[in-house]
Amino acid sequence: MAESNCTQATEFSLMGFTEDPVTQVTLFLMFLLTYLVTILGNLGMIALIRASPQLHSPMYYFLGNLAFVDVCSSTVITPKMLVDFISEKKGIAYAGCVAQVFVFDLFGMTECFLLAMMAYDRYVAICHPLVYPLVMSPKCCFQLVTGSYLVGLTNGTGQTIGVSNLSFCGSSVIDLFFCDISALISLSTSDTTLSRVILRTSASLFGVSSSLVVLVSYVAIISAILSISSAEGKRKAFSTCASHLTTVSIFYGTSLFMYLKPSSDSSKEDKWAAVLYTVVTPLLNPLIYSLRNKEVKEALRRLTKKMK
């Protein structure tokens, strides 16, 4: 009865990282620079792929979509966080909070599957090069990317429905820098069983399965690399795999930790874990997948020549 008579929260307060003004300015400048590099890097990657015929291959088709997803997921989180650093009132309306949950969970899960598709693409290219054109045909690539977005949409819709059924009659303070589904579930004063089941099922079924695809693909790739006779060839291949695995591990490791850990185990370290998969990974992806790639460098050189 008390639940039905409570006043539903219409706005949430985001705690952010600190209340110290000097630290807030420092963090504002740091995250602003990170966001600008992230947007410019990913948009530049999309433009380069579209403008360069030599990059019209499955690998870069996936990479272009990954760059688009990173732009969207960063934009739904970072601009609001930057505004909060320089604002006295760090609030977000209930509708805005739900929208943030939907968009971020949509693109977050889409990224999980795109990373898995990219790992599978590399596995086929390295371990089964003769059948690569057949397996990774344009139609197949389109279906894989479309499937990734549909899984993301399913995840975002499911999480949003779960949040919409929750009541927030007590504290409206979220101890994070954005509206995260797990934080909202912990904050709710109603029965959160359904929301927790949706969250854990989604993280286990989609997140763990896609991470296993990445793991199995790279184990096979590394096995193939070990058979290379050239020491220099092994070194270059391992260098590339190590850089790819670094960003993938950061993304999967921190996101699965956040959504599969017991809800009672929340801590201040969770904020920095969230920073890794919401801010750092979108920054690293264009750097790791493009700047270390000879084909991308060559395409950029040719494009620059044409523009002169």
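Quickly run through region 260-296 and pick out the residues that are among the hydroxyl-bearing types (Ser, Thr, Tyr) and at pLDDT below 80. Full working, then the answer.
First, pick out the residues of region 260-296 that are among the hydroxyl-bearing types (Ser, Thr, Tyr): 263-264, 266-267, 277-278, 281, 289-290.
Result: Ser263, Ser264, Ser266, Ser267, Tyr289, Ser290.
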remark   = Checked Val37, Val83, Val71 against criteria (part of a helix (DSSP H, G or I) and over 16 Å from Pro286 (Cα atoms)); the one match is Val83
request  = Determine, yes or no, whether Gln54 is buried (at least 22 other Cβ atoms within 10 Å of the Cβ), touching an Asp or Glu at 6+ places or on another chain (Cβ under 8 Å), over 22 Å from Ala224 (Cβ atoms) and modelled with pLDDT under 90.
outcome  = no
ask   = Give me the pairs: first residue in region 6-27 and within 12 Å of Asp175 (Cβ to Cβ), second residue of a type in the set (S, T, N, Q) and assigned to a loop (DSSP other than H, G, I, E, B), beta-carbon distance under 7 Å, and six or more apart or on different chains, which are they?
value = Phe12/Ser172; Ser13/Ser172
ask   = So how many residues does region 120-141 have that are within 26 Å of the chain's Cα centre (by Cα) and of a type in the set (Val, Ile, Thr)?
value = 2
ask   = Is there a residue being open to solvent by less than 50 Å² (accessible area, probe 1.4 Å), part of a helix (DSSP H, G or I) and touching a residue at least 40 places away in the same chain (Cβ under 8 Å) anywhere in region 86-95?
value = no
key: Test for Gly64: is it open to solvent by less than 40 Å² (accessible area, probe 1.4 Å), in contact with a helix residue (DSSP H, G or I) (Cβ under 9 Å, 6 or more places away or on another chain) and either over 18 Å from Val279 (Cβ atoms) or of a type in the set (Val, Ile, Thr) (or both)   = yes
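Do we find that Ala99 is open to solvent by 40 Å² or more (accessible area, probe 1.4 Å) and modelled with pLDDT under 90 in this structure? Break it down into steps so the answer makes sense when it comes.
Values: open to solvent by 40 Å² or more (accessible area, probe 1.4 Å): yes; modelled with pLDDT under 90: no.
No; evaluated as a whole, the condition is false for this residue.
Restricting attention to helices (runs of 4 or more DSSP H) lying wholly within region 130-206, give those where 1 or more residues are among the β-branched types (Val, Ile, Thr), at negative phi and open to solvent by less than 20 Å² (accessible area, probe 1.4 Å). Steps first, answer last, please.
Details: elements: 132-135, 138-164, 181-187, 193-202.
Once the helices (runs of 4 or more DSSP H) in region 130-206 are filtered for at least 1 residues that are among the β-branched types (Val, Ile, Thr), at negative phi and open to solvent by less than 20 Å² (accessible area, probe 1.4 Å), what remains is 138-164, 181-187.
The values are calculated or read from the model by the stated rules, or taken from the named source; none is laboratory data. Since the structure is predicted, the reported quantities are computational estimates derived from the model, not experimental observations. Cβ atoms come from the backbone with ideal geometry, glycine included; neighbour counts cover every protein chain shown. Quick note on the areas: whole protein, heavy atoms, side chains included, nothing else; ligands and nucleic acids left out. Shrake-Rupley method; radii C 1.70, N 1.55, O 1.52, S 1.80 Å.
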